[in-house]
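**Q** Shown below is the structure under consideration.
The values are calculated or read from the model by the stated rules, or taken from the named source; none is laboratory data. Only a predicted model underlies this, so the values are computations on that prediction, with no experimental measurement involved. So basically every Cβ, Gly included, is an ideal-geometry build from the backbone, and we count neighbours across all protein chains shown. Please note that ligands, DNA and RNA were not included when accessible areas were found on the heavy atoms of the full protein model with its side chains. Shrake-Rupley method; radii C 1.70, N 1.55, O 1.52, S 1.80 Å.
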Amino acid sequence: LTQPVTPDLLVSPSSQDGDLGSECPEDRGNWTGRLDFLLSCIGYCVGLGNVWRFPYRAYTNGGGAFLVPYFIMLAICGIPIFFMELSLGQFSSLGPLAVWKISPLFKGVGMGTILIVSLVAIYYNMIIAYVLFYLFASLTSDLPWQHCGNWWNTDLCLDHHVIKAGNNTLPVNISNTVSPSEEYWSRYVLHIQGSSGIGDPGRIRWNLCLCLLLSWTIVYLCILKGVKSSGKVVYFTATFPYLILVMLLIRGVTLEGAWKGIQFYLTPQFDHLLSSKVWIEAALQIFYSLGVGFGGLLTFASYNTFHQNIYRDTFIVTLGNAITSILAGFAIFSVLGYMSQELGVPVNQVAKAGPGLAFVVYPQAMTMLPLSPFWSFLFFFMLLTLGLDSQFAFMETIVTAVTDEFPYYLRPKKASFSAVICIALFLMGLILTTEGGMYWLVLLDDYSAGFGLMVVVITTCLVVTRVYGMKRFCRDIHMMLGFKPGPYFRACWMVLSPATMMALLVYNIVKYQPSEYGNYRFPTWAEVLGILMGVLSCLMIPMGMVVAVLQEEGTLWEVGVQQASRPAMDWGPSLEENRTGMYVASLAGSQSPKPLMVHMRKYGGITSYENTAIEVDREMEEEDEEESM
């Protein structure tokens with residue numbers, strides 16, 4: 001008997017010599033290890049904000065009681081949007097720009113995302129440069145911010161050793177004094193006295209400039225080969241911070257007075273829960289901590305295999321991120337409690353958030369410990385690893401988004417293109433290395449990812465559920481994971497998540513406060529510039545709509561808008577063997593009428609995923625019959 005011959009049309013174009021290719025498009029690249037994706041997501045979400053924003057937000061908004069709105073907002077807003085972003089990326093294997101084949105009318109959302117991420121990447125790497133500066137400064141027997149008497153110190157400088165001695169004899173008035181660490185930060189590292197304000201940047205600080213160059217060099221070398229290289233680096237940068245955090249936590253809780261700080265951090269004040277501000281603060285913390293809307297999650301998921309269990313990964317990353325934030329609070333406030341006892345002042349007088357905590361308060365606390373350079377080096381090395389993997393995500397998002405738009409030209413030259421992007425962002429960030437650079441950093445931090453980012457996330461949520469359709473989106477997830485999202489996810493996507501985000505947006509606009517740094521108030525032109533940064537990312541959406549409609553033929557509404565809002569012809573899974581139902585044979589150059597046949601040849605029979613494909617096809621046929629009747 002002769003062997004049956006398989007017709008050519010049943011062979012996937014991705015296969016060569018009759019053998020099926022891998023499940024991911026090789027020319028685009030994909031994760032090479034099982035944990036690459038998970039660790040990259042953890043490294044992206046667990047960043048500097050977990051250490052310097054969450055603990056402060058917790059203690060100012062009700063202590064332990066803050067955890068109630070925090071976890072409620074995580075359930076309503078964080079987990080559902082996180083899962084939605086991962087699903088979009090994995091289903092399409094496309095970056096934040098090309099993914100808008102789902103509804104080309106809204107491609108401006110992707111453009112807005114790239115603008116936001118680019119602005120954030122500029123100043124975020126400057127923070128990493130500050131961390132590198134302190135890291136090198138810790139490689140000494142005596143920390144340079146330990147004592148007064150240096151050329152950068154003023155008459156207001158007061159050493160904590162003097163304060164301690166004064167507490168034992170006569171009370172010392174510290175209200176009009178400055179700590180050595182604060183003067184080291186402002187007068188030596190920033191040299192901010194050389195600038196009169198944001199309009200007078202002053203000279204470039206070459207030591208900061210070199211640190212910024214080093215940080216961009218590190219980032220470039222780690223993303224040189226895309227996710228193949230960054231996916232390996234995160235095995236270290238995503239896990240090592242936990243080791244240091246545990247060491248700092250153990251050291252912190254064994255210090256005298258540590259319990260005072262922890263008590264201050266976690267004592268529940270349930271009356272705060274009646275304030276809307278606390279709920280808004282909890283939602284903001286979730287929103288920025290998980291990094292939704294920045295395109296990083298979508299980009300990482302786009303390098304997954306089609307059937308990767310992102311449902312499980314969503315809960316691992318989001319809950320792990322929350323637990324890390326709480327642990328960081330213990331590590332920070334145990335040391336602040338010890339510091340307040342040493343200085344003889346209440347904890348609330350030493351507690352700060354943001355750069356003030358990382359570069360002033362905590363370094364000062366380090367000087368009070370034995371082996372202070374060792375603990376200082378560990379702390380700043382932890383901040384470095386926390387910051388780097390978030391920066392990897394920002395850069396991978398920008399590079400992936402553009403290369404997916406021009407795959408034939410840029411994918412073969414991805415390393416060179418990444419270098420061009422890094423050099424361009426480094427040059428744009430040079431103004432942050434000047435004596436007045438901190439004013440520009442504050443402006444970027446306040447406005448680049450403010451209301452613009454919220455508009456992007458709200459629009460994404462509404463387009464997926466209303467324009468593309470909830471039923472269709474759930475069917476896509478069913479095809480990919482083998483099950484449909486439950487009522488919890490559907491309710492959040494349809495109502496709860498967008499409503500919460502809109503409440504955040506309204507609150508931000510109503511409670512708008514001009515930027516300030518210490519006692520410095522920004523001039524009106526700087527405020528307008530900041531607002532324009534946020535507005536520009538929002539304007540990308542209507543601009544993208546105009547371009548999409550003009551590319552369509554016919555009248556404006558009947559054909560233009562309606563046609564542009566429908567998914568593109570080649571929308572769907574990137575590999576032909578994963579395309580079933582309406583996605584069959586819709587790829588350019590497609591030869592296979594039934595990708596299911598390709599699967600059967602590959603696996604030698606019908607697997608659970610093929611059963612799912614059959615179910616999805618059957619459901620769609622039933623729906624078509626209902627509509628025709």
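**Q** Considering only segment 178-244, give the helices (runs of 4 or more DSSP H) lying wholly within it that have at least 3 residues that are buried (at least 21 other Cβ atoms within 10 Å of the Cβ) and β-branched (Val, Ile, Thr).
**A** Of the helices (runs of 4 or more DSSP H) lying wholly inside segment 178-244, those with at least 3 residues that are buried (at least 21 other Cβ atoms within 10 Å of the Cβ) and β-branched (Val, Ile, Thr) span 227-237.
**Q** Quick check on segment 92-111: of everything there that is of a type in the set (Gly, Ala, Ser) and out of contact with any Asp or Glu (no Cβ under 7 Å at 6 or more places or on another chain), which residue is surrounded by the most Cβ atoms within 10 Å (Cβ to Cβ)?
**A** Gly110
**Q** Return the residues of segment 147-173 that are surrounded by 11 or more Cβ atoms within 10 Å (Cβ to Cβ) and modelled with pLDDT under 85; say none if nothing qualifies.
**A** Result: Asp159, His160, His161, Val162, Ile163, Lys164, Ala165, Gly166, Asn167, Val172.
**Q** Still on this structure: Do we have Leu67 as open to solvent by 10 Å² or more (accessible area, probe 1.4 Å) and either without any contact (Cβ under 8 Å) to a residue 12 or more places away in the chain or in contact with a Pro (Cβ under 9 Å, 6 or more places away or on another chain) (or both) here? Before you say what the answer is, go through the steps one by one.
**A** Working: open to solvent by 10 Å² or more (accessible area, probe 1.4 Å): yes; either without any contact (Cβ under 8 Å) to a residue 12 or more places away in the chain or in contact with a Pro (Cβ under 9 Å, 6 or more places away or on another chain) (or both): yes.
Judged against the criteria, Leu67 is a match.
**Q** Moving to a separate point now. Select from segment 424-436 the residues that are in contact (Cβ under 8 Å) with a residue 12 or more places away in the chain and under 22 Å from the mean Cα position of the chain (by Cα) and write down the one among them that is most open to solvent (accessible area, probe 1.4 Å).
**A** So the residue we want is Met428.
**Q** Can you say whether Tyr609 is more than 29 Å from the chain's Cα centre (by Cα), open to solvent by 80 Å² or more (accessible area, probe 1.4 Å) and at pLDDT below 60, as far as the supplied structure shows?
**A** no
**Q** Which number in (1) open to solvent by less than 10 Å² (accessible area, probe 1.4 Å); (2) at pLDDT 90 or above marks the one condition that Tyr338 misses?
**A** Tallying (1) open to solvent by less than 10 Å² (accessible area, probe 1.4 Å); (2) at pLDDT 90 or above, Tyr338 fails exactly one: (1).
**Q** Now a separate question. Could you list all residues from segment 341-352 that are open to solvent by 40 Å² or more (accessible area, probe 1.4 Å) and either within 24 Å of Gly49 (Cβ to Cβ) or of a type in the set (Asp, Glu) (or both)?
**A** Passing the criteria: Asn348, Gln349, Lys352.
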